[in-house]
Amino acid sequence: MIPPADPSASDPRPRHAEKPCIAITMGDPSGIGAEVVVKALADPAIRALGRFIIYGMEEACDVAAGLAEIDPFWFRVPHEDVGEIRSGVVLADYDEFRVPAGVRQPTPECGEASLKFVTDAIEAAKQRRIDAVVTGPINKAGWKMAGCKCPGHTELFAREFNVKRSTMMFVTDTLRVALASTHIALFDLRNLFTIGLVFQPIDLMDEALRACWGIEHPRIAVAGLNPHAGEGGQFGDEEARIIEPAILMAREIGINVEGPFPADTLFCPDRSRRYDGIVAMYHDQGLIPVKLMSFQTAVNMTLGLPVLRVSVDHGTAYDIAGKNRADAGSMKAAIRLACELSSRPAFDLPRVRSTPGEFRRVPKPAAGQIEP
């Protein structure tokens, strides 16, 4: 069960204006990214949580604000001139990009623009000018059209920060679910399912629960792959051959992890609330319960990075783009989570070295010795 934030806890780290600085990338200009960003930050309660830089296009944000009858609340700055943000919302405008009106599909131009928003936000994170990155929805086909070799945000962040291990985790009000495998066809998973594939999300989730949430002794549950977690080998041997050895490896380095459990009962509230996080074996096994319980407010978080990166848990929604019909709940939740985690005393992700591309990883703290 996710514990509430401690309102009495003070943050000993020096921070300008005592508020985190959050980069928000607009996403694909032809999708609903501008709309959900504008609607989310139009809420004064969300804006009060931090300082914000929108990496995007003022033209798209103006259109979204006009349709929603929202008065612009940002200060526009050419993206090459963005510096320190003392308060409020700054829009880093990429006015060199032009998106044809009414285009609601992936294009090389939109792919190039959304890719540039993200790479510039990553550069700001490397320079320690921001505390976290919140990413809006992109289209993977658009990035491919623009010549990007990475299929999506997770892979791009991992490449740019030179990390070898990264994992997707989804956060709701009641669940944290990490995935052992992501965008892999089920019939292909059998050839890629290894002890290391299962161990990685357990290890990275344990690290994140300690570093981001300040949980000294996280409890993690692991789902089985097969029906009834294999039923003692009657429905597959992956539990005994792969999942159980991965759990044993994790226990040997001090991680409090249990399983494998049948997935059809693990996500029931009576059982899931016993744990701080759950590791699912494949995409839909983890995402179906997440979206059933919190479709409008689930947040995607990348584990294993030296910067906090969270994202909306939805796509570009071309079919409703430009119609003022997009729900900003997931973007609000992503911004709120980024601000909350980066402001917590326990927050201590691995930090950037002075040498570009090199990072140091903070070792697991001993019990009772989590440092701010």
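The values are calculated or read from the model by the stated rules, or taken from the named source; none is laboratory data. Not measured: the values here are computed from a predicted model. Using ideal geometry, Cβ is built from the backbone for each residue, glycine included, and neighbour counts are taken over all protein chains shown.
Worth a mention:
- Single residue of the range 175-211 satisfying the filter (at pLDDT below 90 and within 17 Å of the chain's Cα centre (by Cα)) that is surrounded by the most Cβ atoms within 10 Å (Cβ to Cβ): ALA211
- Residue in the range 271-288 that is within 30 Å of LYS19 (Cα to Cα) and modelled with pLDDT under 90 present: no
- Scoring ASP348 on the criteria (1) modelled with pLDDT of 90 or more; (2) in the same structural domain as ARG104 (by TED's automatic domain parsing); (3) not in a helix (DSSP H, G or I) leaves a single failure, condition (1).
- Selection status of VAL118, assigned to a helix (DSSP H, G or I) and not assigned by TED's automatic domain parsing to the domain that holds LEU41: no
- Breaking point among (1) on the phi > 0 side of the Ramachandran plot; (2) of a type outside the set (Asp, Glu); (3) in a strand (DSSP E or B), for PRO260: (1)
- Scanning the range 153-174 for residues that are within 17 Å of GLU112 (Cβ to Cβ) and under 12 Å from the mean Cα position of the chain (by Cα) yields a count of 1.
- Counting only strands (runs of 3 or more DSSP E) that fall entirely inside the range 161-238 and contain at least 3 residues that are touching a residue at least 60 places away in the same chain (Cβ under 8 Å), the qualifying elements are 167-171, 176-179.
- PRO44 touching a strand residue (DSSP E or B) at 6+ places or on another chain (Cβ under 9 Å), surrounded by fewer than 22 Cβ atoms within 10 Å (Cβ to Cβ) and free of Cβ contacts under 8 Å to residues at least 40 places away in the same chain: no
- The number of residues in the range 50-73 being assigned to a loop (DSSP other than H, G, I, E, B), of a type in the set (A, V, I, L, M, F, W, C) and buried (at least 22 other Cβ atoms within 10 Å of the Cβ) comes to 1.
- Among the residues making up the range 297-326, those that are aliphatic (A, V, I, L, M), crowded, with 20+ Cβ neighbours inside 10 Å and outside any strand (DSSP E or B) are ALA298, LEU305, VAL307, ALA321, ALA326.
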